[in-house]
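To keep things clear, I will list the structure first and then write my remarks on it.
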Amino acid sequence: MRHLPLLLLSALAGCAYTFNPSLPVHIKTLQIPVVENETLEPTLSQELTDALSERFIADNKLNVVSDNADAVLEGEIVEYQDRVFGFDNRQTADEYIVVMKVRMRLRDRVKNKDVWQEDGIQGRASYFVRGEGSGETLTSEEEARVVVIEQIVDVVLSKTVEGW
């Protein structure tokens, strides 16, 4: 019984924690225009834009709309590389790495200011290329690209709705 006030105080202290996201409360809708592409990879813009849209819709914290939104998520793909990353014992390239770097910002249209801006959001994933019959699962640049895009989308979603 002597410890009851201490337990009560601990419980109340735990309840005092509040999560303070970076997203202003007046932002309820989000527009995601096609991400610009400064690389030579023609399909990247649509792949990243689709992934962002799908993830924000699934997250369901903001209503994704095509126009007149409270906020707009704008971005540019500034770098894309698919390069050799490792060699086998015969000095043949067998590991590659895909690196993609984007510049993103969330613009508050109501207050006409940026909520956040990041110039160096990056994703990277490696894949191995093996000859047929090696018994290993074959992977590709396309599979690594999916992982890289997911990494970037995770960062963008976190920065937008969680304030990280």
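Key figures for this structure:
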| item | result |
| --- | --- |
| Lone qualifier among Ser66, Ser45 - being under 18 Å from Val146 (Cα atoms), among the hydroxyl-bearing types (Ser, Thr, Tyr) and in contact (Cβ under 8 Å) with a residue 24 or more places away in the chain | Ser45 |
| Listing of strands (runs of 3 or more DSSP E) fully contained in the stretch 24-140 that carry 3 or more residues being among the polar types (S, T, N, Q) | 113-128 |
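Read-outs throughout are calculated quantities, based only on the coordinates presented, and are distinct from any laboratory measurement. Model, not experiment: these values are computed from the prediction. We place every Cβ from the backbone using ideal geometry, glycine too, and count neighbours over all the protein chains shown.
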